[in-house]
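As structure tokens, the structure follows; a few thoughts come after it.
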Amino acid sequence: MRRILLAVLLMAGGAPCLAQPQETIGEIRVHGNHTTPDADVIALSGLAPGEVVSDARLAEAEQALRRSERFEDVDVRKRFRSIENAADILVMIVIDERPGVSADDPTPGFGARLRDAIQWLPILSYTEGYGVAYGIRAAFADPVGDDSRLSFPVSWGGERRAGVELERSFNDQRTRAGVGFWVNRRVNPFFEARDFRQQVRVEADHAVQPWLRIGAGARIANVEFGSGYDARHVAAGPHVTIDTRIDPLFPRNAVHARIGWDGWPSNREAPGDSRRMPAATS
């Protein structure tokens, strides 16, 4: 028994300590850059192949990229390049470049970023009796979080209108909410009178089925009609939308219809007003 115990002690004392090999960077990849070259991104991070890597070193590289103020978002990730060699590390640098970045101007100012972030959409509509309205809508994506939009529509012609609208979706776009302010002017074709309105509206809806949305809205409007009518309208009511389009940008073989009602008992209705919202189909 003593001999066995002595042998075990000798083996334990003579066994070499197996040290874990240090993790080193074998490769660096950059994703998300459309203008800034990979070499520039890697140089800004301060990382280099062959360097010993740690969580603290990667966090330092991420902060260095953020301090450069050339990117909207930065994420530095560690990945293993090999199953057999756990010390061989791949570093992924995922970036989101700022709007307005170009090869000639890698750090654009506020004006350049604002100009590049604007999305321009045309406005063209026809209403019987009022004629053609035309204009443009300037929009900004994600101003208050993901799936949000801030837009400024301006139109001329049959309906002169200017406004600001803010929309946002939640729950994977199943729930939508929005608020808007508009000033619009048109001439009523029957009374040949000026119809001038300033309006604030809030609205929300929820998809109970992929093709069916139920919601409600409310509005407050100052209405001036002709020279003898000046009043404030308050209205609220529900609406239902049926939309079987798979892709709204390329609708085909689908139905898109919306119907609703809004009103308020104390409103004094202006000539030409309608409390029932028209249905639209496609």
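The values are calculated or read from the model by the stated rules, or taken from the named source; none is laboratory data. As the structure is a computational prediction, the values presented were derived from the model and not from experiment. Note that we place each Cβ from the backbone using ideal geometry, even for glycine, and neighbour counts take in every protein chain shown.
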**Report entry** Matching residues in region 171-181 - criterion: being at pLDDT 95 or above and farther than 16 Å from Pro238 by Cβ
**Finding:** Val179, Gly180, Phe181
Query - Identity of the residue in region 58-75, in contact with a Ser or Thr (Cβ under 7 Å, 6 or more places away or on another chain) and within 17 Å of Val94 (Cβ to Cβ), that ends up surrounded by the fewest Cβ atoms within 10 Å (Cβ to Cβ) - result: Ala64
Query raised in the report: When only residues in region 131-153 that are of a type in the set (D, E, K, R) and part of a loop (DSSP other than H, G, I, E, B) count, which is farthest from Glu192 (Cα to Cα)?
Result: Asp146
Report task. Mind telling me which of the residues Asp55, Asp40 ends up being surrounded by fewer than 14 Cβ atoms within 10 Å (Cβ to Cβ), in the same structural domain as Ser82 (by TED's automatic domain parsing), modelled with pLDDT under 95 and not small (Gly, Ala, Ser)? Result -> Asp55
Query raised in the report: Looking at this structure, is Val30 among the hydrophobic types (A, V, I, L, M, F, W, C) and assigned to a strand (DSSP E or B)?
Result: yes
Requested in this report: Select, from Phe152, Phe140, the only residue that is closer than 23 Å to Val101 by Cβ, assigned by TED's automatic domain parsing to the domain that holds Asn171 and either of a type in the set (Phe, Trp, Tyr) or touching an Asp or Glu at 6+ places or on another chain (Cβ under 7 Å) (or both).
Outcome: Phe140
